[in-house]
1. Is there a quick way to get the dipole size of the chain? I mean about its Cα centre, with the Cβ of Lys and Arg at +1 and of Asp and Glu at -1; what is the value in debye to the nearest 20?
2. Would you rank 295, 334 by solvent-accessible area, highest first, keeping every protein chain in place and using a 1.4 Å probe?
3. With only alpha-carbon atoms in the gyration tensor, what are the semi-axes of the equivalent ellipsoid for the chain, in Å, largest first?
4. Which of the chymotrypsin sites (Phe, Trp or Tyr not before Pro) found in segment 119-205 are loop residues per DSSP with 10 or fewer other Cβ atoms within 10 Å of their Cβ?
5. Charges only on Cβ, +1 for Lys and Arg, -1 for Asp and Glu: so what's the dipole of segment 53-157 about the Cα centre, in debye to the nearest 20?
6. Can you give the % of DSSP beta bridges in segment 53-157 that are antiparallel, to the nearest 5?
7. How much of the accessible area of segment 53-157, probe 1.4 Å, is carbon plus sulfur, in whole percent?
8. Working from the pairwise distances between different alpha carbons, so that the mean of 1/r is found and then inverted, what is segment 149-232's Kirkwood radius in Å?
Amino acid sequence: MLRNHASKLAATTAVSAMLMAVAACGGSGGSGTDTATPGASSASSAAAPAGAKVGLAYDIGGRGDQSFNDAAAAGLEKAKAELKLADTKELEAGAGETGAQKEQRLRLLAQSQYNPVIAVGFAYSEAIKKVAAEFPDTKFAIIDDAAQGPNISNLVFAENEGSFLVGAAAALKTKKDHIGFVGGVQVPLIKKFEVGFTKGAQAVKPDIKIDVKYLTQPPDFGGFNDPAKGKTAAQGMYDAGADVVYQAAGGSGGGVFEAAKSSKTLAIGVDSDQALTADASVRDVIMTSMLKKVDVAVFDFLKSFADGTVKAGPTTYDLKAGGVDFSTTGGQVDDIKNKLDEYKQKIISGEIKVPTE
């Protein structure tokens, strides 16, 4: 998110009348829990139920964040192409908005007969529980949260496992035995990234120095959309001697990459393969990214809706399911890939258990 989306709520309100005028019908499904098999349905060309419409509510930053939200958007785009959706509507969050405003966004989509409705990010946890109860015939999904309801699907990830791998990569690549982690907001979800990264680095070098900095504390979620803060935090780490910094900070990560570029050091991306999605001027400093396949989760959910097999409850995208991984774009980890793959297999087999806190 190198651009600012702080005014999106006004835009949401502006389209209310238009949305409320549109009519269509929804789909059906069941309830239960499942384990992810990402990519298994990627070749499908099945059509969604006639008249099906998909509503998607972004987290702060929305499209263009080059990371988390863009990954969700990619899943929606794939569904548009392969599932022949009748219509889609994407709404974006505003900086500093209230829980009531999140409810309004989800309620607006459901009232306008968008079905299913996908909430991108744990910040929608309370809002989706309330709105889903008001619209029991609408299927909802939330990414990164376990909000419960008979019509709520939870698309969750083992971020700690993927972060373990990039932590090991950082420890294998550092020349100073000094690395860093920049988190957007200090919440349990982002703590999973930090813990996994730390454990992975320590598995390689038990005495490695790891700096940790969170940009904001809840209820201030601006740390996910403040590149200037990201740059300042990372620059402080580089100036103190770190030569690799991992960011799990949404749009603020762009600032981390800028600091790495100016310091002639390395950074690690998150969620998307940021050596492909970040600004072209900083891609060469991104040695790898922790891939969190939100695009696959979104597509899989929409495919299950199209098939009439959507289930309530959690679907977990872990290493075994291929839901998290590390990227190799740019070739900067080619020399250590075999070692990282060894760690991956040990996690998948259960030999290594990566904690979440």
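The values are calculated or read from the model by the stated rules, or taken from the named source; none is laboratory data. Small disclaimer: the values here were computed from a predicted structure and weren't measured. FYI the Cβ positions are ideal-geometry reconstructions off the backbone, even for glycines, and counts take in every protein chain you see. With ligands, DNA and RNA removed, areas are computed over all heavy atoms of the protein, side chains included. Shrake-Rupley method; radii C 1.70, N 1.55, O 1.52, S 1.80 Å.
1. Working: 38 positive and 42 negative charges, 10 e Å.
With only Lys, Arg, Asp and Glu charged at Cβ, the dipole is about 40 debye.
2. Details: 295 60, 334 95 Å².
These residues rank, largest area first, as 334, 295.
3. Values: eigenvalues 241, 98, 55 Å².
Working through the eigenvalues yields semi-axes of 35, 22, 17 Å.
4. Working: sites: 122, 124, 140, 157, 164, 181, 193, 197; in loops: none.
Those that pass, being in a loop and sparsely packed, number zero.
5. Numbers: 12 positive and 15 negative charges, 65 e Å.
In debye, rounded to 20, segment 53-157 gives about 320.
6. Values: 1 of 18 bridges.
Just about 5 percent of them are antiparallel.
7. Heavy-atom surface of segment 53-157 belonging to carbon and sulfur, 1.4 Å probe: 49 percent.
8. On the way: mean 1/r = 0.0720 Å⁻¹.
Result for segment 149-232, one decimal place: 13.9 Å.
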